[in-house]
Amino acid sequence: MPKKLKQKKEMVRSPKGMRDMLVADIRYKEKILEKAREIAEFYGFQPIKTPHLEHTELFERPLGDASDVVEKQMYTLKTKGGDSLTLRPEGTAPIVRAYAENGMVSWPHPVKLYYSGSFFRHENPQKGRLREFHQFGIELLGDHDAIMDALAIKVLYLAITELGLKNILVHINSIGDRVCRPQYKKELTAYYRKKINYICKDCKRRLKDNPLRLLDCKDPGCQEQKAGAPQMVDFLCEECKTHFREVLEFLDEAGIPYTLDHNLVRGFDYYGRTVFELFLERGAKEKGQEKEKIDAVEAKPENGAAEEPSSIALGGGGRYDELMYILGGRPLPAAGGGLGVERIIHEMKLAEISPKIPPEPKVFLIQIGPAAKKRSFMLLEEMRKAGIGVGESLSRDNLRTQLNIAAKVGAKISLILGQKEAMTDSIILRYMDEGVQETVLQKKMVERIKEKLKKMPRTARVAALPEIKPSEPEAIS
Ligand code: AMP
């Protein structure tokens, strides 16, 4: 007798903030991506995939040293060759790199791209905040026009709302450009310097490194100072003002509800002019009230937070006309944004929206005996090639067990292959609702199944399992 193994080691677990996605969530994810892709393709976006790892510089340069992502959230590794690579924390910089590297400058403009995949940020895992999460994103490269900003918002907004989620409100702001933003930063810094004794530790650091992020502070103690701070909108130059007004007009025209959010600055340094986030507002709003200002509430910590936050960001983006220049290329006007897949899944579950449910196969293959079992592979392949979905339970050998499974999964036709059928190249087709069966040659099987399925009512429910008659394969094999 072999000696019983004693288990000493603890089972290895997934890294903190990174989790397995099981079937139900994958079905939700498929539904989300399918919808988002359908809308993006309609509006002329084309798919792109970039690597998960990029040179660290690609993110360090444009996101800014003082951004939270660069400062503490990047997963960076040294390769054996001495390169510094980073797991992508966001999708825009890689797309801009890919544009330059793949000569997209010669493509018709604007170049419209969409992508989806995993992104990695070493954040404090909380409800709605993971270290590996999925995004669907779109980018419009090579155009200044305000309608591009509005189109990015529209595609993301439509994707969420057409999935069935309600109370989606776009928070929008303009953070100006290199002409008008410096003056605003100066004013903001001067204002906060006077308040230095009343702001949190993080804000003191932001005041030095990245004053715009002062507006992003969630510390309750800083809210009063924030409310009195100068607003970017009062400092916009004429061009930025016109651009922003046009974006809002396009949103009005498209019937997309938005609220002006003067504190919206977003996490990355490369943004200029339009910045936006799509929030799901839980306190249902009546129509017409959408434009009142609603403070963005971030996701609450996981521990002790049974309650859902009053609003949650499902997506965000903006214009980034300077990103290409920061990366070393010629300036390229561009706008885009992304959706957080896990957060949308969570909201769909709360709203009881069903995931993508693949149709149950209407045909079920039953095999009895070694020769039949061997033949099953070939028959299954034949049906796969013919586009017929087939269920099976290849590891079972008993007829009744397999028939029970076929009935349980709602099969309309059971294919019964016994020893005799395997030897005579025939197969029994048992029509589950009617409780009748016929034997056909295997080479006629696909044709006969198709014929029968075509005639079956789509909504017919499976009747109780019919009695097995004496002439059935149990007696045959
Ligand atoms: P961002 O790239 O930060 O603009 O994020 C766009 C969207 O992705 C957000 O609105 C969230 O829905 C989602 N998201 C961002 N960071 C995370 C994260 N750490 N975990 C889960 N979802 C995230």
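Tabulated data for the structure shown
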read-out	value
Where the chain is the region considered: accessible area per residue in Å², 1.4 Å probe	53 Å²
Cross-link partners of residue 194 among lysines (Cα-Cα below 17 Å; sequence separation of 8 or more within a chain)	185, 186, 204, 208, 226
Per-residue HN-Hα couplings for region 103-112 [Karplus 6.51, -1.76, 1.60; θ = phi - 60°; Hz; x = Gly/Pro]	x, 5, 4, 8, 7, x, 9, x, 7, 10
Which of 400, 131 is most accessible, then next, and so on - probe 1.4 Å	400, 131
Amide H partners (placed H, <5 Å) of residue 237, local residues excluded	177, 180
Acute angle (nearest 10 degrees) that the helix 146-162 long axis makes with the longest principal axis of the chain, alpha-carbon atoms	40 degrees
Carbon + sulfur, % of accessible area of region 363-455 - ligands and nucleic acids excluded, 1.4 Å	54 percent
Relative contact order [Cα under 8 Å, 6+ residues apart], the chain, whole percent	15 percent
Helix-only [θ]222 nm of the chain, DSSP H runs n ≥ 4, -39500 (n - 2.57) each, per residue, nearest 500	-10000 deg cm²/dmol
Sequence-distant lysines (8 or more away, or on other chains) whose Cα lies within less than 28 Å of residue 35	49, 112, 127, 154, 166, 285, 287, 291, 349, 356, 362, 385
Rounded to 10°, Cα long-axis angle of helix 370-385 versus longest principal axis of the chain	50 degrees
Cβ-based net charge around residue 245, under 12 Å, with every Lys or Arg adding one and every Asp or Glu removing one	-4
C-alpha long axis of helix 92-101 to longest principal axis of the chain, angle in °	90 degrees
Farthest toward positive dipole pole in the chain [+1 Lys/Arg, -1 Asp/Glu at C-beta], among 110, 164, 56	56
Residue 242 accessible area, assembled protein chains, probe 1.4 Å, Å²	50 Å²
Rounded to the nearest 10 Å², the accessible area of residue 129 at probe 1.4 Å	50 Å²
Cα centroid separation - region 17-36 against region 230-244, whole Å	40 Å
Antiparallel bridges, percent of DSSP beta bridges restricted to the chain (to nearest 5)	80 percent
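The values are calculated or read from the model by the stated rules, or taken from the named source; none is laboratory data. Predicted model only: the values in this text are computed from it and were never measured. For neighbour counting, all protein chains shown are included, and Cβ atoms are generated from backbone atoms with ideal geometry for every residue, glycine included. Surface areas here come from the heavy atoms of the whole protein model, side chains and all, with no ligands, DNA or RNA. Shrake-Rupley method; radii C 1.70, N 1.55, O 1.52, S 1.80 Å.
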